[in-house]
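Only one structure is covered here, and it is reproduced in the block below.
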Amino acid sequence: MTSIFLSAIKWQSGGQPEIIAFCADIGQEEELDGLEVKALETGAAKCIIEDLREEFARDFIFPMFQAGAIYEGQYLLGTSIARPLIAKRMVEIARAENADAIAHGATGKGNDQVRFELAAAALAPELRVIAPWREERFRKQFPGRSEMIAFAKANGIPVEATAQKPYSMDRNLLHISYESGVLEDPWFDASSPEMRAMYKLSVPPEAAPNEPEYVEVEFHRGNCIAVNGRSSSPLEVVQTLNKLGGKHGIGRVDIVENRFVGMKSRGVYETPGGTILHFGHRQMETLTMDREVMHLRDSLVPKYSELVYNGFWFSPEREALQALITETQRGVSGLVRLKLYKGNVIVAGRKSPKSLYDPKIATMEADNSAYGQSDATGFIRLNALRLRLRAASKGDFPRSP
């Protein structure tokens, strides 16, 4: 997206109003190198780059992981959750700079345009939004990514995408996503040897160490507060787990997903630390969360995930759900031991002072006073009543007199 945004600056400059470029540092690493110079040379009057990584981890990633959010059963929402933070800071800067509009480089076919603009509408409805990819005059000059790449090359704008590697890459603290180009063919094998150079956060599972590695993650009220006994900030937790997960080939997924705008798209994602965190959090919940509370929360996971994916982070319904999520996490505290091995995260133990598991009750050994097994007879009979009545109504067995 950086190349599109900077090319849009170049395209809009020259007789146009003053343009202020903004980049949120949310963990793009080397992608930020030389960005300010690039922005100024392509027409921006000013370039603002801000380190938002800690806020990203604390106020966006962690609340989402408390909710157990995962879109369509596979996607850990790495791109989706970054957009509301970027939009939030963008409109704050726009107001501080007395700007009357904000602009983004998202295409007219993707989800990001919706996410940015819904967030802006919720936070700063007075600001106009400029979306070059949706303007006819822009699309005439740049019908697609290949024309944009050629334009960037002709104007001396360095971009990582090339005609030979035309896939799109979006990186942040939580993940990297890859789309477009060769990946548009869902039959194409993105895990093949010739694609190994594409991945940046993880090794292929088959190239991971032959010996497993153990990691302990500690939770307090649903948030990870320590890794291997070392107290850590949310940012440090994600960074540490990213390194561990990447080393063992964890967190790669290849998905055909349903975009909010209506079409299906194919994406490849690397989320090493997030995969460990998601799994470990769930293991802690199994030990500490009440059954009905867990089932209620789980029933809301698809809705919560959809709200994040579709760009409704700043909506009243997401905020209401978050309040419920926070309440469900009050007892989710304790330690989980995990084994990392060739792309897999395997639970190797969990314990908690808030545990609802009682071996005296769960044991299959001799009866004790904690649970009377004969009590189950009435329990089963009451739960079977409607089934027996239904069977009788169908004539499956004679009704008792």
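If the viscosity is 0.692 mPa s and the temperature 37 °C, what translational diffusion coefficient in µm²/s does Stokes-Einstein give for the stretch 263-370 when Rh comes from Kirkwood over Cα pairs?
For the chosen part, D equals 198 µm²/s.
Under Stokes-Einstein, with the Kirkwood radius over Cα pairs as Rh, the value for the chain at 37 °C and 0.692 mPa s is 138 µm²/s. In a fully extended conformation the segment linking GLU211 and LYS243 would gain 9.9 nm over its present Cα-Cα distance, using 0.36 nm per residue.
Just the number, please: carbon plus sulfur as a percent of the accessible area of the chain, 1.4 Å probe, no ligands or DNA/RNA counted. Reported share for carbon and sulfur atoms: 53 percent.
Here's the list of aspartates and glutamates a cross-link from LYS303 could span, going by alpha-carbon distance under 19 Å and ignoring same-chain residues fewer than 8 apart: GLU72, ASP112, GLU257, GLU292, GLU317, GLU319, GLU327.
If you take the Cα atoms of the stretch 124-247, find Rg, then find the Kirkwood Rh from the mean of 1/r over all pairs, what is Rg/Rh? Intermediate values should be presented prior to the final figure.
Values: Rg = 20.4 Å, Rh = 18.6 Å.
For the stretch 124-247, the value is 1.10.
Taking label points 7 Å from Cα along the Cα-to-Cβ direction, VAL347 and ARG388 give a separation of 3.6 nm. For the pair VAL256 and THR377, a Förster radius of 56 Å applied to the C-beta separation gives a FRET efficiency near 0.70, rounded to the nearest 0.05.
Bridging of LYS109 to lysines at a Cα separation below 17 Å is possible for LYS140, LYS264, once same-chain residues fewer than 8 apart are set aside. Per residue, the Cα convex hull of the stretch 5-138 amounts to 119 Å³.
Solvent-accessible area per residue in the chain equals 51 Å², computed with a 1.4 angstrom probe and all protein chains kept.
The values are calculated or read from the model by the stated rules, or taken from the named source; none is laboratory data. Nothing here was measured: the structure is a model prediction, and the numbers come from that model. Positions of Cβ are backbone-derived with ideal geometry, glycine not excepted, and every protein chain shown enters the neighbour counts. These area figures cover heavy atoms from the full protein model, side chains too; ligands, DNA and RNA do not enter into them. Shrake-Rupley method; radii C 1.70, N 1.55, O 1.52, S 1.80 Å.
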